[in-house]
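Novice: Encoded as structure tokens, here's the structure I'll be asking about.
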Amino acid sequence: MNSVFESRTTSRVPEAPESIEESGIGMNSLLRILMKAMYVHGVELESELAEIMKIGRNIVNDLLDEARTQMLVETKGSAGASIKSEIRYGLTGRGQEWAADAMELSMYIGPVPVSLPSYYEQIRKQPLIGERVEKDAIDRGLAEYVVPRALVRRLGQAVNSARAMLLYGAPGNGKTTIAEIIGGVFKEIIFIPYCIEVDGNIIKIFDPAIHVRETDASTLLQAVPEIAGYKSREIDGRWVACRRPTVIAGGELTLEMLDLQFNEYSKFYEAPLHVKAMGGTFLIDDLGRQLVEPEALLNRWITPLEKRVDYLTLSSGRTFTLPFDVMVIFATNLTPDDLMDPAFLRRIAYKVQVHQPTEEHYRRVFRMLCDRHNVPFDDSVANFAMDKIQNVLNQPLSFYQPRFIVEQIIAACKYEGAPPRMDIDLLIDALDNISLEEGLIAPDSTTPLTAS
């Protein structure tokens, strides 16, 4: 496969620009952020502006020189008595008007955006397919779950392909959990920009609710060894070192959430979910249950999955492209043939069915959960549960049921002030909550009422 994502350059570390030109952002855009920071936050010092804008003080100094030339700022003396004290800057009357006009254009104040070409280049340096996820990492991720070896092998292949995957099967058997684990097995650190600029428009990408910032220096050094060759001032502060992201969207997902979101009040854009997932995984959970028709939702992904590029449109109508370096995972309770046509299925490289548990697997999960929560396990109680679920409730065995039952038993024992125990009566209460029909299950006279 000839892909932009296959190449790996010598260093993934984004290097700090040494000049306005090297920043990739025009003088006016930079001045607007600087002036708005002074206007709104009352910032007076070069060092404070550099911290807000995440750029070097030499660039801030050049911007202040330009602002002075345009009579937008003036010096206000030293910030202290020391010879090393910084010069204080303030807005002139003209500067205040200029900054107010800048606020009308966009209320964004913060790190300077990176250019679209710089963003594209950084994605090329840290491709998802460039990370090899070893078999042991998959095994560790699934260690707390009873997963057939054949399924683990297929998941490992899919993860290392970084291609789209479809997880399907009956509800309650761990599709969402498996998808979340897949997102967590990637260990590389990547660099995500606070925002990018396209045609003078700012698009926010970094989201603290999604992106996990790596702050531990030793972990960062281990994950990105080449960072040892850089001093802190040589690393571009407009990028955040993060774990590869995992983004999850379920029934609330709409087509609009996959487009740029323009805030009419603040006048800048929020990146769509899959762009925030760049370099990581994007789980579309419970596919087929969204308000939008599945066909329309799936059609949105045809070009990104096939061409590995996505098209986004600004409110001005200008369309631009982004590389699509995301592993998309579709999870559904529906059968693939009922959900999508063959043409789309061909674009999903891996189709993985998550089966219902056998009685042996079910019992192993039950025992494992009991051991974890210090609940004495009893085979007869587990057998009672499996029999009643299948033959009285007429439901298939599902992996979620043992956890549901154990949690209900623990809660009941906590209410009684008693140590956890496997008790038929408590089990029946739990099964009634599964069935939603209280009293449907009666104790079997041949089964002891309490487990020894």
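Novice: For MET107 paired with SER218, estimate the spin-label separation in nm (one decimal), with each label point 7 Å from Cα along the Cα-to-Cβ line.
Specialist: 4.4
Novice: Taking the Cα centre of the range 115-353 as origin and charging only Cβ (+1 Lys, Arg; -1 Asp, Glu), how large is the dipole, in debye to the nearest 20? Write down the numbers at each step before the final one.
Specialist: Details: 28 positive and 31 negative charges, 136 e Å.
Charge dipole, the range 115-353, about its Cα centre: 660 debye, nearest 20.
Novice: Follow-up. How large is ³J(HN,Hα) for each residue in the range 420-430, as worked out from phi by the Karplus curve 6.51 cos²θ - 1.76 cosθ + 1.60 (θ = phi - 60°), to whole Hz, x for Gly and Pro?
Specialist: x, 8, 8, 10, 4, 4, 5, 4, 4, 4, 5
Novice: Which of the aspartates and glutamates could be linked to LYS76 by a straight reach, that is with a Cα gap under 12 Å, when you skip same-chain ones fewer than 8 residues away?
Specialist: Of all the aspartates and glutamates, those that pass the test against LYS76 - Cα under 12 Å, at least 8 places apart if same chain - are GLU44, GLU86.
Novice: Which whole-number percent is the relative contact order of the range 145-256 (Cα, under 8 Å, 6+ apart)?
Specialist: On the way: 85 pairs, mean separation 32.8, N = 112.
With pairs under 8 Å counted, the relative contact order is 29 percent.
Novice: I would also like to ask the following. With a cut-off of 8 Å between alpha carbons and a minimum separation of six or more residues, what is the relative contact order of the chain in percent?
Specialist: Details: 742 pairs, mean separation 71.1, N = 452.
Contact order relative to length: 16 percent.
Novice: Taking only C-alpha pairs under 8 Å that are 6+ residues apart, what is the relative contact order of the range 301-383 in percent? Can you show the working numbers first?
Specialist: Numbers: 40 pairs, mean separation 15.2, N = 83.
In percent, rounded to a whole number, it is 18.
Novice: Based on DSSP H runs of at least 4 residues, each adding -39500 (n - 2.57), what is the mean residue ellipticity at 222 nm of the chain after dividing by all its residues, to the nearest 500 deg cm²/dmol? Walk me through the intermediate numbers first.
Specialist: Numbers: 19 runs with 182 residues, N = 452.
Result for the chain: -11500 deg cm²/dmol, rounded to the nearest 500.
Novice: Shifting gears a bit: Is the shape of the range 159-300 best called rounded, prolate or oblate, per the rule: a/c under 1.5 gives rounded, else a/b larger than b/c gives prolate, else oblate, with a ≥ b ≥ c the square roots of the Cα gyration tensor eigenvalues?
Specialist: Details: a/c = 2.82, a/b = 1.31, b/c = 2.15.
Oblate shape, in that a/c is at least 1.5 and b/c is the bigger or equal ratio.
Novice: Sequence neighbours fewer than 8 away in the same chain don't count; with that in mind, list the lysines whose C-alpha is under 30 Å from LYS175.
Specialist: LYS135, LYS187, LYS276, LYS307, LYS351, LYS388
Novice: Is the C-alpha gyration tensor of the chain telling us rounded, prolate or oblate? Criteria: a/c under 1.5 is rounded; beyond that, a/b larger than b/c is prolate, otherwise oblate. The partial results should precede the final answer.
Specialist: Values: a/c = 2.50, a/b = 2.11, b/c = 1.18.
The shape class here is prolate.
Novice: I would also like to ask the following. Mind ranking 323-330, 181-188, 135-142 by how tightly packed they are, going by the mean number of other C-beta atoms within 10 angstrom, highest first?
Specialist: On the way: 323-330: 24.2, 181-188: 19.5, 135-142: 15.5.
My ranking of the peptides, most packed first, is 323-330, 181-188, 135-142.
Novice: List, largest first, the extents of the alpha carbons of the range 359-435 along their principal axes, each in whole Å.
Specialist: So the extents along the principal axes, rounded to whole Å, are 33, 23, 19.
Novice: With just the Cα atoms defining each centre, how far is the range 89-163 from the range 251-278? Give it in Å.
Specialist: 15
Novice: I want the antiparallel fraction of DSSP beta bridges within the chain, as a percent rounded to 5.
Specialist: Working: 24 of 44 bridges.
Looking only at bridges with both residues in the chain, the antiparallel portion is about 55 percent.
Rule-based calculations on the coordinates, nothing more; no lab input. Just so we're clear, the structure is a prediction, and the values are computed from it rather than from any experiment. So basically every Cβ, Gly included, is an ideal-geometry build from the backbone, and we count neighbours across all protein chains shown.
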